[in-house]
Amino acid sequence: ATVWGIVGEVENAPKWAPTTLKVRALGGRTKNGTLSVNLNKQGLIFWPTTSKVVDYVPGERLSNKAINGTEWVFELSEGAGGPGTTTLKQYRHTPASVDKFYKDIVSKATGGEDKMSESLGKGVSASLKRIKALAEQQAG
């Protein structure tokens, strides 16, 4: 429940996602269909995005699809330590063909898609560490 409380609300992302500065969910609490407006930053580059929650199973799964088609997924399950422990998987699906507009922006702003993908992979690792620290802090 603690981990879900952290990742299950899209507006919490700035607490743990390294490139996310602000998220405003439209329509209240996160649920299937929730739309959000997001502000992101990497280095000196800022960019706005929008996203939509496309799969929401309380306590188990949240999938949020960005305007460019990239889908960020969080899956929770009981941890190897048994009841009271949690395993959290975070990953992203990137469509095989991303709109040319986004490819041009990513290439110019970040040094190319490969470099951006590498950075996002590091961001996933940092996110998981931050989520773990937040959960441990809340659990006291």
(message) Quick check on segment 13-60: of everything there that is among the charged types (D, E, K, R) and assigned to a loop (DSSP other than H, G, I, E, B), which residue is nearest to I131 (Cα to Cα)?
(response) E60
(request) Filter segment 12-35 for residues that are under 17 Å from Q90 (Cβ atoms) and in contact with a strand residue (DSSP E or B) (Cβ under 7 Å, 6 or more places away or on another chain) and give the result. (result) A13, P14, T19, T20, V23, T30
(request) Return only the number of the condition from (1) open to solvent by 40 Å² or more (accessible area, probe 1.4 Å); (2) within 28 Å of E136 (Cβ to Cβ); (3) of a type outside the set (D, E) that T30 does not satisfy. (result) (1)
(request) Kindly indicate whether G33 is of a type outside the set (V, I, T) and at pLDDT below 95. (result) no
(request) Take T50 and decide whether it is open to solvent by 40 Å² or more (accessible area, probe 1.4 Å), hydroxyl-bearing (S, T, Y) and over 13 Å from the mean Cα position of the chain (by Cα). (result) no
(message) Just to verify a result, which residue in segment 61-89, among those that are open to solvent by less than 50 Å² (accessible area, probe 1.4 Å) and touching a residue at least 40 places away in the same chain (Cβ under 8 Å), is nearest to R130 (Cα to Cα)?
(response) L88
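The values are calculated or read from the model by the stated rules, or taken from the named source; none is laboratory data. Keep in mind it's a predicted model, so treat the numbers as computed, not measured. Quick reminder, even Gly has a Cβ in these numbers, built from the backbone with ideal geometry, and neighbours come from all protein chains shown. To get the accessible areas, we keep the full protein, side chains included, count just its heavy atoms, and leave off ligands, DNA and RNA. Shrake-Rupley method; radii C 1.70, N 1.55, O 1.52, S 1.80 Å.
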